[in-house]
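Asks: Handing you a structure now.
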Amino acid sequence: MAEANSKAEFVIGVDLGGTKILSGIFNGSLECIGTTKVSTKPQRGVDAVIERIERCVRDAVDEADLSLKQIAAVGVGAPGAVDFGAGSVIFAPNMEGWKDVPLKKELEKHLGLPVFIENDCNIAVLGVYVSELKSKPRSVVGIFVGTGIGGGLILNGELFGGYNHTAGEIGHMVVDVNGPKCGCGNKGCFEALASRTAIFQQIKAGIKDGEKTLLTEMLGDDLGDLRSGDLRKAIRRGDKFVDGIIARAAEYIGIATANLVNILNPEVVVLGGGVIEALAEEMMSVIVETARDYAMPGTMKGVEIVASKLGDNAGITGGAVLARRETR
């Protein structure tokens with residue numbers, strides 16, 4: 001087992017996503033002093049992804065002109081169900097072959113540092129909670145809309161993992177039993193209706209059916225380089241087709257928000273992830289209005305629904321918070 005260097009001042013937060021891996025180095029004041037990003041390439045297999053995580057961490061250390069000896073620990077947010085105690089990824093629906101992966105053990109072997117693994121959205125909500133909300137609310141629900149959709153829960157001021165360490169799988173709430181198939185195998189999951197993957201699939205299907213959109217002018221017919229920011233540009237140029245798809249995704253996010261407020265009644269619902277970061281102005285008013293329409297009378301009183309300003313840095317910030325807490 002790797003041991004923490006008590007003299008090391010810095011920690012590293014890693015956000016492992018289905019599309020990219022982001023690493024950030026944080027100082028003793030939890031300020032990010034540098035980040036590095038690489039693509040995940042999950043199709044290459046588990047071992048290759050672990051090597052890419054190692055590379056991303058080492059590159060971040062190098063870019064900050066530090067050495068690994070100055071790093072106390074690494075906190076990693078991994079997609080899917082994570083067993084924090086064992087340091088393993090139980091199942092990651094958007095990462096082929098990721099079942100019972102001993103990620104903590106493998107990364108400690110590669111890096112020679114203490115590594116702590118938590119669900120990526122638990123980590124992201126922890127980052128927002130400590131950095132943006134200053135640890136003040138007692139209960140927070142995080143909804144993170146990116147390649148997939150994940151969630152994180154802060155209850156009574158602490159991360160809530162549930163009985164089997166899998167609480168917060170908000171993306172796999174079934175919101176339409178007749179809906180499209182999800183990566184987890186079920187039909188009509190929230191993730192299959194409102195994630196970036198789902199939004200892109202809906203756009204491509206619409207174009208195939210003859211819908212007109214500025215996106216094909218901007219990117220070509222195959223939309224090979226489509227990004228969330230392109231959707232914002234198209235909407236602001238008056239693209240009604242894209243606007244309709246984004247509005248529908250925002251409605252599903254609002255419905256999910258209402259369900260969570262009805263069940264958990266948190267002080268704050270925080271929305272994050274790449275889709276929200278790119279399209280907050282286009283989506284937030286629809287999300288809030290829909291949530292208020294679907295919530296039980298009285299449950300929304302005093303509840304804040306906000307977009308995180310940390311954006312992509314929520315995950316790495318939470319990873320740094322975790323690494324710092326576990327090595328104190």
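Where a number appears in this text, it was derived from the coordinates with a stated rule and is not lab data. No experiment lies behind these values; they were computed from the predicted model shown. Glycine also receives a Cβ, built like all others from the backbone with ideal geometry; neighbour counts cover every protein chain displayed.
Asks: From (1) crowded, with 17+ Cβ neighbours inside 10 Å; (2) touching a helix residue (DSSP H, G or I) at 6+ places or on another chain (Cβ under 9 Å), pick out the condition that doesn't hold for Ala81.
Replies: Ala81 satisfies every listed condition except (2).
Asks: What are the residues in the range 94-131 that are surrounded by fewer than 19 Cβ atoms within 10 Å (Cβ to Cβ) and not in a helix (DSSP H, G or I), if any?
Replies: Correct list: Glu96, Gly97, Lys99, Asp100, Pro102, Gly112.
Asks: How many of the residues making up the range 84-93 are free of Cβ contacts under 8 Å to residues at least 40 places away in the same chain, touching a strand residue (DSSP E or B) at 6+ places or on another chain (Cβ under 8 Å), within 17 Å of Leu322 (Cα to Cα) and surrounded by fewer than 23 Cβ atoms within 10 Å (Cβ to Cβ)?
Replies: Of the residues in that region, 2 qualify.
Asks: Out of all the residues in the range 12-70, which are part of a helix (DSSP H, G or I) and among the small types (Gly, Ala, Ser)?
Replies: Ala48, Ala60
Asks: For the range 189-205, enumerate the residues that are in a helix (DSSP H, G or I) and either buried (at least 22 other Cβ atoms within 10 Å of the Cβ) or over 27 Å from the mean Cα position of the chain (by Cα) (or both).
Replies: Within the range 189-205, Phe190, Glu191, Ala192, Leu193, Ala194, Arg196, Ala198, Ile199, Ile203 meet the criteria.
Asks: Filter the range 132-158 for residues that are under 19 Å from Ser195 (Cα atoms) and in a loop (DSSP other than H, G, I, E, B) and give the result.
Replies: Hits for the range 132-158 are Gly146, Thr147, Gly148.
Asks: Residues of the range 273-303 being surrounded by fewer than 18 Cβ atoms within 10 Å (Cβ to Cβ) and small (Gly, Ala, Ser), which ones?
Replies: Ser285, Gly298, Gly302
Asks: Go through (1) under 20 Å from Asn265 (Cα atoms); (2) surrounded by fewer than 24 Cβ atoms within 10 Å (Cβ to Cβ) for Cys184 and report which single condition fails.
Replies: (1)
Asks: Answer yes if at least one residue in the range 159-181 is crowded, with 17+ Cβ neighbours inside 10 Å, within 19 Å of the chain's Cα centre (by Cα) and part of a strand (DSSP E or B), and no otherwise.
Replies: yes
Asks: Going through Ile25, Ile33 one at a time, which residue ends up being in contact with a helix residue (DSSP H, G or I) (Cβ under 6 Å, 6 or more places away or on another chain) and closer than 15 Å to Gly319 by Cα?
Replies: Going through Ile25, Ile33 in turn, the sole match is Ile25.
Asks: Another question, if that's okay. Report those helices (runs of 4 or more DSSP H) wholly inside the range 209-328 carrying at least 2 residues which are in contact (Cβ under 8 Å) with a residue 40 or more places away in the chain and of a type in the set (Gly, Ala, Ser).
Replies: 228-236, 240-264, 274-294, 313-326
Asks: Among the residues of the range 130-147, are any without any contact (Cβ under 8 Å) to a residue 12 or more places away in the chain and either among the polar types (S, T, N, Q) or at positive phi (or both)?
Replies: For the range 130-147, residues without any contact (Cβ under 8 Å) to a residue 12 or more places away in the chain and either among the polar types (S, T, N, Q) or at positive phi (or both): present.
Asks: Follow-up question, since we're still on this one. Within the range 84-118, can you find the residues that are of a type in the set (D, E, K, R) and touching a helix residue (DSSP H, G or I) at 6+ places or on another chain (Cβ under 8 Å)?
Replies: Restricting attention to the range 84-118, the residues satisfying the condition of being of a type in the set (D, E, K, R) are 96, 99-100, 104-106, 108-109, 118.
Of everything in the range 84-118, those that are of a type in the set (D, E, K, R) and touching a helix residue (DSSP H, G or I) at 6+ places or on another chain (Cβ under 8 Å) turn out to be Glu96, Glu106, Glu118.
Asks: Quick check on my filter: what residues within the range 250-276 are over 13 Å from Ile143 (Cα atoms) and in contact with a Lys or Arg (Cβ under 9 Å, 6 or more places away or on another chain)? First the steps, then the outcome.
Replies: Residues of the range 250-276 that are over 13 Å from Ile143 (Cα atoms), as a first pass: 251, 262-265, 267.
Correct list: Glu267 only.
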